[in-house]
Amino acid sequence: MMADDLEKTEEPTPKKIEDAKKEGNVPKSMDTSGFITLLVAVVAFVALTGWIVDRLEALYRYYIGFVGVELTPKLLMEITTYTVIQIFIMVLPLALPVALAGMLGAWAQFGFIFTTKPLVPDLTKIDPIKGAKNLFSLKKLIEGFKITVKVGAVFTVAFSVFLGFIEELVSVSHAPLLHQIQWLVDRALVLAAVMLVLLMVLALVDLLFVRYNYFKGLRMSKQEIKDEMKQMEGNPEIKAKIRQIQMEMARRRMLAEVPNADVVITNPTHFAVALQYKEGESRAPKVVAKGADLIAQRIKEIAREHHIQIVENPPLARELYKNVEVDREIPEQFYQAVAEVLAFVYRSKSAL
């Protein structure tokens, strides 16, 4: 076997990709999922800020109402229960879109996949020797480098933006409390927007890198592609599917020839045979389409749409359907019967 046949230089086939998905092996970029989740979280928080502030004010007034009241174990339990419920009400509208965003981030990258394969115990994963090789592999080194670059970029940008805010602290510290809170919220939104832009860039780079590595890892050798083709051709289900597609394509081509027919001979309920005769070009009439039951009905429908005459002749229709294949000229034994039908058709057309 040649070395070229063993080198993985070919792009993965659709079957190879589909098999990898069934195994749970998909090109998942954590940065992309994280960016989508964070984006939705920020948008949801901004949209719900007013509502959350109102709930916090209501909770604050609730606490104020207990000033001077003796705190008994029963009352403390009521306050705790009420607080937990209010926090849950505030958090739920934020948690739901964030959870949906996490699923959307995964779905947008590789679609919906349900597989239990990754959950099946694999004893090879606890092999200490293999584990040590994976720990110091090139892949882990690249992952570590990526994390270092990302953390460094985020920290540098965040710190630079934060330094700009520090200059405003002196003047803000003398402002009323509500003004300070508003300033804090505004600056938090600015910082979040800057971080989102940075994370979007990092997510895009990571997505491209992950997909490149994924498809590179699935590359196949020429021999693997040949073996896969042999396996697919030998699969009964695939062969049946191929035959079904071929039959459907042949049926469509056949029905497309019906408008070119000169006559359709039928057994009224079961068979239909469309004949075409080009004088000077063919020795005898040719069957351009034939069918039984539903196909026969379809042939007759097309014939009516194109004003092709339909002649009922049950014995001739049965014999032509049984003995003559599509795109073949009729045998000599049918010349007389078919000639009479065509003569009748031509006379009918001349009479119009």
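When the stretch 318-352 is filtered for residues that are hydroxyl-bearing (Ser, Thr, Tyr) and within 25 Å of residue 307 (Cβ to Cβ), the ones remaining, listed by number, are 321, 346, 348, 350. Out of all the residues in the stretch 336-347, is one or more free of Cβ contacts under 8 Å to residues at least 40 places away in the same chain and under 27 Å from residue 247 (Cβ atoms)? No, the conditions are met nowhere in the stretch 336-347.
In the stretch 166-188, the residues that are touching a residue at least 40 places away in the same chain (Cβ under 8 Å) reach residues that are not small (Gly, Ala, Ser) with C-beta atoms within less than 9 angstrom, at least six apart or across chains, in these pairs: 185/49. Could you say whether any residue in the stretch 309-319 is modelled with pLDDT of 90 or more and surrounded by fewer than 14 Cβ atoms within 10 Å (Cβ to Cβ)? Checking the stretch 309-319: at least one residue is modelled with pLDDT of 90 or more and surrounded by fewer than 14 Cβ atoms within 10 Å (Cβ to Cβ). Out of 284, 289, one residue alone is in a strand (DSSP E or B) and either farther than 19 Å from residue 300 by Cα or small (Gly, Ala, Ser) (or both). It is 289. Looking across the stretch 66-82, just one residue is surrounded by 10 or more Cβ atoms within 10 Å (Cβ to Cβ) and part of a loop (DSSP other than H, G, I, E, B), and that is 66. Screening 102, 144 for residues that are modelled with pLDDT of 60 or more and touching a helix residue (DSSP H, G or I) at 6+ places or on another chain (Cβ under 6 Å) leaves exactly one candidate, 102. Annotation note: Cβ proximity below 9 Å between a residue of the stretch 267-290 that is farther than 21 Å from residue 343 by Cβ and a residue that is assigned to a strand (DSSP E or B) and β-branched (Val, Ile, Thr) (sequence gap 6+ or interchain) occurs for 271/265; 289/264; 289/273; 290/273.
The values are calculated or read from the model by the stated rules, or taken from the named source; none is laboratory data. The model shown is predicted, which means the values in this text are computed figures rather than measured ones. Here Cβ is always computed from backbone atoms with ideal geometry, including for glycine, and neighbour counts include all displayed protein chains.
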